[in-house]
1. Hey, among 70, 51, which residue is under 26 Å from residue 151 (Cα atoms), surrounded by 14 or more Cβ atoms within 10 Å (Cβ to Cβ) and touching a strand residue (DSSP E or B) at 6+ places or on another chain (Cβ under 7 Å)?
2. Restricting attention to the stretch 105-125, does a residue exist that is outside any helix (DSSP H, G or I), touching a strand residue (DSSP E or B) at 6+ places or on another chain (Cβ under 8 Å) and modelled with pLDDT of 90 or more?
3. From (1) in a loop (DSSP other than H, G, I, E, B); (2) not assigned by TED's automatic domain parsing to the domain that holds residue 11, pick out the condition that doesn't hold for residue 80.
4. Confirm whether residue 150 is more than 29 Å from residue 46 (Cα to Cα) and either surrounded by 14 or more Cβ atoms within 10 Å (Cβ to Cβ) or in contact with a helix residue (DSSP H, G or I) (Cβ under 7 Å, 6 or more places away or on another chain) (or both).
5. Are any of the residues in the stretch 127-145 surrounded by 15 or more Cβ atoms within 10 Å (Cβ to Cβ), part of a helix (DSSP H, G or I), touching a residue at least 40 places away in the same chain (Cβ under 8 Å) and in contact with a helix residue (DSSP H, G or I) (Cβ under 9 Å, 6 or more places away or on another chain)?
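The values are calculated or read from the model by the stated rules, or taken from the named source; none is laboratory data. Source: prediction; values computed, not measured. Please note: Cβ atoms are built from the backbone with ideal geometry, for glycine as well, and neighbour counts cover all protein chains shown.
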């Protein structure tokens with residue numbers, strides 16, 4: 001921005017969550033203290049921020065006007081990049097704790113032998129550099145993951161869930 005721009009943003013609707021380093025450190029330490037072993041903690045990240053709005057605020061904070069003094073150029077999503085982050089923080093899949101910003105994820109139980117066998121197949125495929133078959137195996141292991149803006153979107157339609 002010091003040189004007058006342009007400022008690049010991938011997409012006008014892209015959003016991300018932000019947290020200060022001190023807040024993140026406090027939540028990590030607090031979660032570590034409350035842990036009994038094996039929990040997956042989820043932090044309440046607040047509201048997502050539109051990156052385009054953040055870019056405009058940064059330009060204004062530098063004493064300039066977006067679109068006049070400094071242009072914002074939209075470059076398009078990169079392969080695999082999502083418009084928004086999906087967080088595991090709904091009431092159906094988390095349990096509350098005594099700290100309002102720390103939740104515990106509810107996770108389903110897996111058969112160790114079945115998962116271990118699947119992971120061995122995944123590793124063997126990856127070691128042979130079989131890219132698409134490896135991604136198929138990954139998607140079978142984590143069926144909730146849906147590809148966005150990537151060459152693997154078609155696989156989501158074809159996947160047989162584990």
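1. Details: 70 fails: under 26 Å from residue 151 (Cα atoms).
Answer to the selection: 51.
2. Taking every residue of the stretch 105-125 in turn, at least one turns out to be outside any helix (DSSP H, G or I), touching a strand residue (DSSP E or B) at 6+ places or on another chain (Cβ under 8 Å) and modelled with pLDDT of 90 or more.
3. Unmet condition: (2).
4. no
5. No: the stretch 127-145 contains no residue that is surrounded by 15 or more Cβ atoms within 10 Å (Cβ to Cβ), part of a helix (DSSP H, G or I), touching a residue at least 40 places away in the same chain (Cβ under 8 Å) and in contact with a helix residue (DSSP H, G or I) (Cβ under 9 Å, 6 or more places away or on another chain).
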